[in-house]
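**Student:** Mind looking over this structure? Questions follow.
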2 protein chains.
Amino acid sequence: MHKRILVVEDEASIRDMVAFALRKADMEVIHAADARAALSAISDTPPDLILLDWMLPGMTGLELARRLRAEERTAEVPIIMLTARGEEMDRVSGLEAGVDDYVVKPFSTRELVARIKAVLRRAQADGGTGSIEMGGLRIDGPAHRVYAGDTQIEIGPTEYRLLHFFMTHAERAYSRAQLLDQVWGGSVYVEERTVDVHIRRLRKTLEPFGLDGLIQTVRGTGYRFSASP
Amino acid sequence: MHKRILVVEDEASIRDMVAFALRKADMEVIHAADARAALSAISDTPPDLILLDWMLPGMTGLELARRLRAEERTAEVPIIMLTARGEEMDRVSGLEAGVDDYVVKPFSTRELVARIKAVLRRAQADGGTGSIEMGGLRIDGPAHRVYAGDTQIEIGPTEYRLLHFFMTHAERAYSRAQLLDQVWGGSVYVEERTVDVHIRRLRKTLEPFGLDGLIQTVRGTGYRFSASP
DNA sequence: TCGCAACGTGACAGTCTCGTGACAGCGCCT
DNA sequence: AGGCGCTGTCACGAGACTGTCACGTTGCGA
């Protein structure tokens, strides 16, 4: 799996470390120290994935992410954000800007590579359209919409994020803590049982469309999303 | 969440403080004063996480980290480094060696525990073992599912953990005490005979699928999981 | 062959988990 | 201000799961 990764990061030490790890994982690394350099690097050939630092000189990573999403050439390129601890609270707005995943500094290279691979795998799975379909349910990432066949389903923000996470991480059990981490964002204090309630609401929203059994309870562990019962 | 943590630290005061905090957080603490002791402690059963002091007599923590990464048994075990203030600049080389996180001294035990939990959660999220198949039985770790051929088997939490342990430690006999340790978690008080009952339940759930004889009784010792009768 | 210890089995009551409905607080729009 | 959608929390109850006991069976050494 040879892939081209664009690393947008101004701090040399982190850049070098990342480059070292990615090359070891058989990936090609392109550097950009700031947003302008990133945009010009992309104008040539879009990479397979962009690794973006949250804090950049000139333009924030979030802003750049939005720009990249707006441009057709790069709208479909997965983006992973690098954030320092304490910046996590903006995870939700980041996810809404179309960022695919977050890695919080300090991170281990092992974790980084694992996340990158996961995101690449997912990107490949949804064929680049940004929408995922399974079990009669379709979620349109860029448009923030959910369909059951042709009819659109009205869905709240949290329910949407939960469903989106599930559909991008199907066939796998997650604990309530993990779901809080991933869907609510790492730095919030909410009861774990709150997850149950949102699961319940999501199930209730999907039920009228004959979409039962998609969200399964894994007793003693958490929940799982899967098209097969 | 009962976890085994190996603490590699030569300074007694820090070691005791850490041990106290971790035990309070329901973790089992193994201790090693230097690199050699650490390696020998690991040779038995690898822990779930290693807490490593940067400065150690004989071998630096970094060196030890590399050694651990190189060895297959411990390559996946998360490592957290304890560093004194001012040693931070070497963070990059540490991350290159595959260290998962840093905690800078002086630290609060609360922070330490939080970091440990975070790292454990991430390590667990990275999928771990994937799926294992043997003797016509397949267990899908990430999805938390068990199959006999194509049909899924309904299974309770404890039965699942027991089966999972057996399939990851097949062809070897375990005493009831060992099973309680590994499957129930070390800090619980249950009768040893309880193991028998769960073995029985597991056998019973597997039986309808023609999966007999997978769990064998080793009279006077305990039980063993094996594909061959 | 006998007797004992180890193991299998069924039943049971307590505990824990999860689903569910209700409710109050909050931000937003009219 | 009032209505409305959304969210987090709580309390309750059904059902699943668990640990333990009592008793039946089996294997093994004397």
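**Student:** Please specify each residue of the stretch A:107-121 satisfying the condition of being at the interface with another protein chain (Cβ under 7 Å from one of its Cβ atoms) and surrounded by fewer than 20 Cβ atoms within 10 Å (Cβ to Cβ). Break it down into steps so the answer makes sense when it comes.
**Tutor:** Quick first cut of the stretch A:107-121, residues at the interface with another protein chain (Cβ under 7 Å from one of its Cβ atoms) only: A:108-111, A:114.
Within the stretch A:107-121, A:Ala114 is the sole residue that qualifies.
**Student:** If you don't mind, another one. How about the stretch A:1-73: which helices (runs of 4 or more DSSP H) wholly inside it have at least 3 residues that are more than 21 Å from the chain's Cα centre (by Cα) and small (Gly, Ala, Ser)?
**Tutor:** Values: elements: A:12-24, A:35-44, A:61-70.
Helices (runs of 4 or more DSSP H) meeting the threshold: A:12-24, A:35-44.
**Student:** Between a residue in the stretch B:157-168 that is in contact (Cβ under 8 Å) with a residue 24 or more places away in the chain and any residue that is among the acidic types (Asp, Glu) and more than 8 Å from DNA strand D (Cβ to nearest atom), which pairs come within a Cβ distance under 9 Å, given they are 6 or more apart or on different chains?
**Tutor:** Pairs found: B:Met167/B:Glu133.
**Student:** Can I ask one more? Among the residues of the stretch B:132-155, count how many are away from every other protein chain (no Cβ under 12 Å) and polar (S, T, N, Q). Please lay out each step first, then the result.
**Tutor:** We begin by selecting, within the stretch B:132-155, every residue away from every other protein chain (no Cβ under 12 Å); these are B:132-139, B:148-149, B:153.
Filter again for polar (S, T, N, Q), leaving none.
Number satisfying all stated conditions: 0.
**Student:** Moving to a separate point now. Just to check your reading of the model, which residue among A:Ala84, A:Ala125 is modelled with pLDDT under 80 and either in contact with a Lys or Arg (Cβ under 6 Å, 6 or more places away or on another chain) or within 14 Å of another protein chain (Cβ to nearest Cβ) (or both)? Steps first, answer last, please.
**Tutor:** Values: A:Ala125 fails: either in contact with a Lys or Arg (Cβ under 6 Å, 6 or more places away or on another chain) or within 14 Å of another protein chain (Cβ to nearest Cβ) (or both).
Going through A:Ala84, A:Ala125 in turn, just one is modelled with pLDDT under 80 and either in contact with a Lys or Arg (Cβ under 6 Å, 6 or more places away or on another chain) or within 14 Å of another protein chain (Cβ to nearest Cβ) (or both): A:Ala84.
**Student:** Taking the stretch B:192-220, which residues are in a helix (DSSP H, G or I), more than 8 Å from DNA strand D (Cβ to nearest atom) and in contact (Cβ under 8 Å) with a residue 12 or more places away in the chain? Don't jump to the end; show me each part of the working.
**Tutor:** The first filter runs over the stretch B:192-220 and keeps only residues in a helix (DSSP H, G or I), leaving B:193-209.
Right, trim to more than 8 Å from DNA strand D (Cβ to nearest atom) and you get B:195, B:199-200, B:202-209.
B:Val195, B:Ile199, B:Leu202, B:Arg203, B:Thr205, B:Leu206, B:Phe209 - these are the residues of the stretch B:192-220 that are in a helix (DSSP H, G or I), more than 8 Å from DNA strand D (Cβ to nearest atom) and in contact (Cβ under 8 Å) with a residue 12 or more places away in the chain.
**Student:** Considering only residues of the stretch B:171-222 that are out of contact with any Phe, Trp or Tyr (no Cβ under 9 Å at 6 or more places or on another chain) and of a type in the set (Lys, Arg), which is surrounded by the fewest Cβ atoms within 10 Å (Cβ to Cβ)?
**Tutor:** So, considering only residues that are out of contact with any Phe, Trp or Tyr (no Cβ under 9 Å at 6 or more places or on another chain) and of a type in the set (Lys, Arg), the one surrounded by the fewest Cβ atoms within 10 Å (Cβ to Cβ) is B:Arg219.
**Student:** Is it the case that A:Val8 is over 22 Å from A:Gly141 (Cβ atoms) and either among the β-branched types (Val, Ile, Thr) or surrounded by 21 or more Cβ atoms within 10 Å (Cβ to Cβ) (or both)? Lay out the reasoning, then the answer.
**Tutor:** Details: over 22 Å from A:Gly141 (Cβ atoms): no; either among the β-branched types (Val, Ile, Thr) or surrounded by 21 or more Cβ atoms within 10 Å (Cβ to Cβ) (or both): yes.
Taking the combined requirement at face value, the residue does not satisfy it.
**Student:** Further, regarding this structure: In the stretch A:127-170, which residue that is buried (at least 17 other Cβ atoms within 10 Å of the Cβ) and among the charged types (D, E, K, R) is nearest to the chain's Cα centre (by Cα)?
**Tutor:** The qualifying residue nearest to the chain's Cα centre (by Cα) is A:Arg161.
**Student:** What do you reckon, is A:Tyr223 under 21 Å from the mean Cα position of the chain (by Cα), more than 9 Å from chain B (Cβ to nearest Cβ) and not in a helix (DSSP H, G or I)? Give the steps one after another, and end with the answer.
**Tutor:** Values: under 21 Å from the mean Cα position of the chain (by Cα): yes; more than 9 Å from chain B (Cβ to nearest Cβ): yes; not in a helix (DSSP H, G or I): yes.
The answer is yes for A:Tyr223.
**Student:** Quick check on this structure: which one of B:Val99, B:Val103 is in a loop (DSSP other than H, G, I, E, B), of a type in the set (Val, Ile, Thr) and at pLDDT 75 or above? Write out each step before concluding.
**Tutor:** Values: B:Val103 fails: in a loop (DSSP other than H, G, I, E, B).
The conditions single out B:Val99.
**Student:** Another question, if that's okay. If we scan the stretch B:159-182, do we find a residue that is closer than 20 Å to B:Asp212 by Cβ, modelled with pLDDT of 95 or more and within 11 Å of chain A (Cβ to nearest Cβ)?
**Tutor:** Within the stretch B:159-182 (the criterion being closer than 20 Å to B:Asp212 by Cβ, modelled with pLDDT of 95 or more and within 11 Å of chain A (Cβ to nearest Cβ)), the answer is yes, since at least one residue qualifies.
**Student:** Here are the criteria: (1) away from DNA strand D (no atom under 12 Å from the Cβ); (2) within 21 Å of B:Gly135 (Cα to Cα); (3) within 20 Å of the chain's Cα centre (by Cα); (4) not aromatic (Phe, Trp, Tyr). Tell me which single one B:Ala177 does not satisfy.
**Tutor:** (2)
**Student:** Out of the strands (runs of 3 or more DSSP E) lying entirely within the stretch A:112-191, which hold 1 or more residues that are more than 16 Å from DNA strand C (Cβ to nearest atom)? Write out each step before concluding.
**Tutor:** On the way: elements: A:131-134, A:137-140, A:145-148, A:151-153, A:173-175.
Correct list: A:131-134, A:137-140, A:145-148, A:151-153.
The values are calculated or read from the model by the stated rules, or taken from the named source; none is laboratory data. Because the structure is a prediction, the values reported are computed rather than measured. Cβ coordinates were reconstructed from backbone atoms using ideal geometry, including for glycine residues, and neighbour counts include every protein chain displayed.
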